[in-house]
Amino acid sequence: MIKILRIEENLLSENEKIATQVRNILKEKKILSLNIMGAPGSGKTTFIEKTIEILKDDFKFGVIEGDIEGKYDSERLEKFNIPIIQINTGGSCHLEANMVKNGILNLSLEDIDILIVENIGNLICPAEFDIGIEKNIIVSSITEGQDKVEKYPLMFKTSHICILNKIDLLPFIDFDVIKFENDLKKISSQINFIKLSSKTAENFNQWIELLIKLTKEKIS
Amino acid sequence: MHEFSVVDNLLKIIEKICQENNVKKVLKINLKINPYSCLDEDNLNFIFSSIVKNNPIYKDAKIKIKKALAPIERGYIIEDIEIEV
């Protein structure tokens, strides 16, 4: 006999459960957490580097670095003498909640105000997996072209903040910032949009002011 | 390439249900996913069949993907399965 069995269960329910655990741990410790996502080469690590450089005397940072292989990015951040956990997925194209949970269990959370997770360089898969981190930040860049919001809508939809990086290159590259911003607002009216250059620090203060505000709200 | 982990998680859930319901054969598995998800139906079936090819309960099962979740919803939902009992 043939029949239909209704299931309605999420394949990712295990991931969701662990993401909730991560979320609760960070909430209890009053830690502001950031999930930095973006294409390879968009400038995620430089963005993180500049952020820590400016605020290292004001707040205590901790970093979880996600890469398929190598510790190149975590080595760049070592100069700040902050706790850093390097995760090598060995092939997985995105971080999942269990990886991040293992990461935070290896950090002394009492000594952290802001936890930065740098996700794998990838515009597709990281958006599909909740890792229990509070703020999703998509770092897009002038050199990637102005059509990324249209081509990768889930990434931009699920992000709270969109950083458009490398604006110092605007004189050399055809990039319609207005079109990019319009596409962004169409997909997410709530998203916070900041265009800046991590390299020259142009408009970087707008991001820093936002981060200070978010952190103070969290730790008070 | 996360079709492997999708199949892995899918089988864990379905195996439990099949045991509980004395299922002889699974014919179809209907998944609901986000419209912007990168999961590909052909790819998924290819990997699923390779993994279950020696298992008489699952070897002829076909996975169908419906991009039916709201754009902001994440997840891969097993909506229902067509079975022979």
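The values are calculated or read from the model by the stated rules, or taken from the named source; none is laboratory data. What you see is a predicted model; the values in this text were computed from it and never measured. A quick note on method: Cβ atoms are made from the backbone with ideal geometry, for glycine too, and the neighbour counts reach across all protein chains shown.
Tabulated values for the structure
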item	result
The stretch A:1-47 - residue that is modelled with pLDDT of 95 or more and at positive phi and, of those, nearest to the chain's Cα centre (by Cα)	A:GLY38
Residue tally, condition surrounded by 15 or more Cβ atoms within 10 Å (Cβ to Cβ), of a type outside the set (A, V, I, L, M) and closer than 30 Å to A:LEU154 by Cα, over the stretch B:25-48	10
Residue, surrounded by the fewest Cβ atoms within 10 Å (Cβ to Cβ), within the stretch A:76-101, restricted to residues that are away from chain B (no Cβ under 12 Å) and either among the hydroxyl-bearing types (Ser, Thr, Tyr) or free of Cβ contacts under 8 Å to residues at least 12 places away in the same chain (or both)	A:ASN81
Count of the stretch B:8-24 residues which are basic (Lys, Arg) and either within 9 Å of another protein chain (Cβ to nearest Cβ) or surrounded by 17 or more Cβ atoms within 10 Å (Cβ to Cβ) (or both)	1
Matching residues in the stretch B:49-63 - criterion: being buried (at least 16 other Cβ atoms within 10 Å of the Cβ) and under 18 Å from B:TYR76 (Cα atoms)	B:ALA61, B:ILE63
Selection count, the stretch A:114-123, where residues are assigned to a loop (DSSP other than H, G, I, E, B) and either among the basic types (Lys, Arg) or more than 21 Å from A:LYS17 (Cβ to Cβ) (or both)	4
Members of the stretch A:176-191 that are surrounded by 15 or more Cβ atoms within 10 Å (Cβ to Cβ) and out of contact with any helix residue (DSSP H, G or I) (no Cβ under 7 Å at 6 or more places or on another chain)	A:GLU181
Cross-chain or 6+ apart pairs with Cβ under 8 Å, the stretch A:198-220 first and outside any helix (DSSP H, G or I), then surrounded by 14 or more Cβ atoms within 10 Å (Cβ to Cβ) and at pLDDT below 95	none
Residue check, B:ASN45 within 24 Å of A:PHE129 (Cα to Cα) and in contact with a strand residue (DSSP E or B) (Cβ under 6 Å, 6 or more places away or on another chain)	yes
Residue, modelled with the lowest pLDDT, within the stretch B:40-57, restricted to residues that are within 14 Å of chain A (Cβ to nearest Cβ) and in a loop (DSSP other than H, G, I, E, B)	B:ASP40
Pairs where the first residue, in the stretch B:69-85, is more than 7 Å from chain A (Cβ to nearest Cβ) and over 12 Å from B:ILE14 (Cα atoms) and the second is assigned to a strand (DSSP E or B) and at pLDDT 90 or above, C-beta under 6 Å, 6+ apart	B:LEU69/B:LYS32
Selection count, the stretch B:1-39, where residues are among the aliphatic types (A, V, I, L, M), farther than 15 Å from B:LYS64 by Cβ and not in a loop (DSSP other than H, G, I, E, B)	3
Selected residue (criterion: farthest from B:LYS12 (Cα to Cα)) from residues of the stretch A:1-34 that are outside any strand (DSSP E or B) and among the basic types (Lys, Arg)	A:LYS30
